[in-house]
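The values are calculated or read from the model by the stated rules, or taken from the named source; none is laboratory data. In this text the structure is predicted, and so the values were computed from the model without any measurement. Every residue, glycine among them, receives a Cβ derived from its backbone with ideal geometry; neighbour counts consider all protein chains shown.
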Amino acid sequence: MPHFHIEYSGNLEGVVDMGALCEAIRAAAAQIETFPMAGIRVRATRVDHYAIADGNAKHGFVDLSVRLREGRAPEVKQDAIAQIFEAMKDFLVPVMATRSIALSAEMRDIDAALSPKCGTIRDHLTAAD
């Protein structure tokens, strides 16, 4: 953990480089001690059906959902989401200067007893990772 899931309005396709945004979030998360490197997952999903504010098709959104294993102190989570949100905002500032975009983020705990995990990523990380 953590899993970062970006949902974004389809009208931002070609306007925002979502692959680069995923990498910006990954890089920011990798600098935060509470996020184990091997657990970081960032993905983006385009949403084609949505309605925003007054219904004008010019409006767009980028929403980040962060899920992580339970057990971190509230202040640790608050600091982590603030850092990630700031990285996301910094990345999107140029586009937000010219486009109507709602930007949001939410962090949720995952109940470890209800979330089995298995993987080999740690086996394949290099020492530099």
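Here T98 fulfils each of the conditions (1) exposed (fewer than 12 other Cβ atoms within 10 Å of the Cβ); (2) touching a helix residue (DSSP H, G or I) at 6+ places or on another chain (Cβ under 6 Å); (3) among the polar types (S, T, N, Q) apart from (2). The residues of region 53-83 that are touching a strand residue (DSSP E or B) at 6+ places or on another chain (Cβ under 6 Å) and either of a type outside the set (D, E, K, R) or over 21 Å from V95 (Cβ atoms) (or both), listed by number, are G60, F61, V62, L64, S65, V66, R67, R69, E70, K77, I81.
Residue pairs whose Cβ atoms lie under 6 Å apart, sitting 6 or more positions apart in sequence or on different chains, and linking a residue in region 47-63 that is acidic (D, E) to a partner that is modelled with pLDDT of 95 or more, are D48/G10; D63/E7; D63/S104.
Inside region 104-119, residues that are under 19 Å from F35 (Cβ atoms) and modelled with pLDDT of 80 or more make up a count of 7. Please indicate, with yes or no, whether at least one residue in region 101-111 is loosely packed, with under 12 Cβ neighbours inside 10 Å and more than 16 Å from I6 (Cβ to Cβ). So far as region 101-111 goes, yes, one or more of its residues are loosely packed, with under 12 Cβ neighbours inside 10 Å and more than 16 Å from I6 (Cβ to Cβ). Going residue by residue through region 74-97, is there one that turns out to be over 19 Å from the mean Cα position of the chain (by Cα) and closer than 20 Å to G14 by Cα? For region 74-97, residues over 19 Å from the mean Cα position of the chain (by Cα) and closer than 20 Å to G14 by Cα: present.
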